[in-house]
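The structure appears below as structure tokens.
The values are calculated or read from the model by the stated rules, or taken from the named source; none is laboratory data. Values in this document were obtained by computation on a predicted structure and should not be read as measured data. Positions of Cβ are generated from backbone atoms using ideal geometry, with glycine treated the same way; all protein chains shown enter the neighbour counts.
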Amino acid sequence: KRHLISAADLSKDDALLVLDTAEELAQVSDRSIKKLPTLRGRTVVNLFYEDSTRTRISFEAAAKRLSADVINFSAKGSSVSKGESLKDTALTLEAMGADGVVIRHPASGAPHRLAGWVQGSVINAGDGTHEHPTQALLDAFTMRRRLGGLEGRKVTIVGDVLHSRVARSNVLLLDTLGADVTVVAPPTLVPVAVDTWPCRVSYDLDAVLPKSDVVMMLRVQHERMNASYFPTVREYSRRYGLDGDRMAQLPEHAIVMHPGPMNRGVEIAAEVADSVRSTIVEQVANGVSARMAVLYLLLGGSEPAIGKEVSGK
Ligand code: CP
């Protein structure tokens, strides 16, 4: 495969290969080996048209740990403000020798269009309300590390599903990996097309929590919200927020996830975000390993991922 645009691009074997490669790479990092020579001579462009903290930084860290050259492009401060199109921007970056382009864009479908214009691999780092496949991979990696295999695991995804590219990519990937997914949201924040998603839908968080192995809380995306979709913050938190009392309904082994950034006190209480069940910081660390695996598998050619080390401790 050349690109990663959607979690649906991944067969079960593909997904397991990414997760197994990420595990190997994480173990190398755990041994304080900072850098592998695998992508030496390759160039990765991070093309960000929308704000990001975790995804942008972890793609940069991942590419650098594999010895790739990294060019960071942010639409803010660029010639995009003079009206330059995505296509012309992409062709300009390609002329500088990009082997891989990591793109975040507010328009759903932008990575798909980009893949038709450039020679290199395109990796979707979040497009509008559509998909965020590397987030789903790092989430699956985190679940697998914490709970073992994903087959038959009950994963509950809660909140602003309507605007969530994280939810869609997770539902698709987790279904591929054999998990049993339920999305929980107020009726106004469930996408019409949810009927075509491979998951259950519930409006009652308290009914679902006691049967969950994982509860993944989603950010309320105020910036994409039409006021008529949203009750009030207070009402939302009361019915769909995860506080300490609700967390106590989870089975003992269950974990709490959030892709970040969080609205503390809205979808998740601070006591939950900071609790021992929370994997939120772990997800960020795992994001580097998952993205290293994706970059290696798309750009690495025949080089072994691990074996030669550039620098030790
Ligand atoms: N989870 C996630 O995509 O975070 P950023 O928007 O900070 O990249």
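Odds and ends about this structure:
- Checking region 267-274 against the condition returns a match, with at least one residue being free of Cβ contacts under 8 Å to residues at least 24 places away in the same chain, in contact with a strand residue (DSSP E or B) (Cβ under 8 Å, 6 or more places away or on another chain) and not hydroxyl-bearing (Ser, Thr, Tyr).
- Number of the condition not met by Gly77 [criteria: (1) buried (at least 20 other Cβ atoms within 10 Å of the Cβ); (2) away from the ligand (no atom under 16 Å from the Cβ)]: (1)
- Checked against the criterion of being buried (at least 16 other Cβ atoms within 10 Å of the Cβ) and touching a His at 6+ places or on another chain (Cβ under 7 Å), region 42-51 has at least one qualifying residue.
- Residue check for Tyr236: within 21 Å of Ala273 (Cβ to Cβ), out of contact with any Ser or Thr (no Cβ under 9 Å at 6 or more places or on another chain) and surrounded by 12 or more Cβ atoms within 10 Å (Cβ to Cβ): yes
- Meeting the requirement of 3 or more residues that are on the phi < 0 side of the Ramachandran plot and assigned by TED's automatic domain parsing to the domain that holds Ser85, the strands (runs of 3 or more DSSP E) wholly within region 101-210 are 121-127.
- Taken across region 214-232, residues that are among the charged types (D, E, K, R) and more than 22 Å from the chain's Cα centre (by Cα) do not occur at all.
- Gly265 vs. criteria small (Gly, Ala, Ser), away from the ligand (no atom under 16 Å from the Cβ) and closer than 15 Å to Thr156 by Cα: no
- Residues being in contact with a Gly (Cβ under 7 Å, 6 or more places away or on another chain) and within 15 Å of the ligand (Cβ to nearest atom) - total across region 109-158: 5
- Any hit, region 86-99, residues being surrounded by fewer than 17 Cβ atoms within 10 Å (Cβ to Cβ) and within 13 Å of the ligand (Cβ to nearest atom): no
- Here Asn72 passes the criteria (1) without any contact (Cβ under 8 Å) to a residue 40 or more places away in the chain; (2) in a loop (DSSP other than H, G, I, E, B) except the one numbered (2).
- Single residue of Leu66, Leu47 found to be touching a helix residue (DSSP H, G or I) at 6+ places or on another chain (Cβ under 9 Å), more than 16 Å from the ligand (Cβ to nearest atom) and within 26 Å of Leu137 (Cα to Cα): Leu66
- Filter result for Lys12 (loosely packed, with under 15 Cβ neighbours inside 10 Å, at pLDDT 95 or above, farther than 27 Å from Gln221 by Cβ and away from the ligand (no atom under 16 Å from the Cβ)): yes
- Candidates Val256, Val276, filtered to the one that is of a type in the set (A, V, I, L, M) and assigned to a loop (DSSP other than H, G, I, E, B): Val276
- Some residue of region 266-284 being surrounded by fewer than 17 Cβ atoms within 10 Å (Cβ to Cβ), under 26 Å from Asp127 (Cα atoms) and at pLDDT 95 or above: yes
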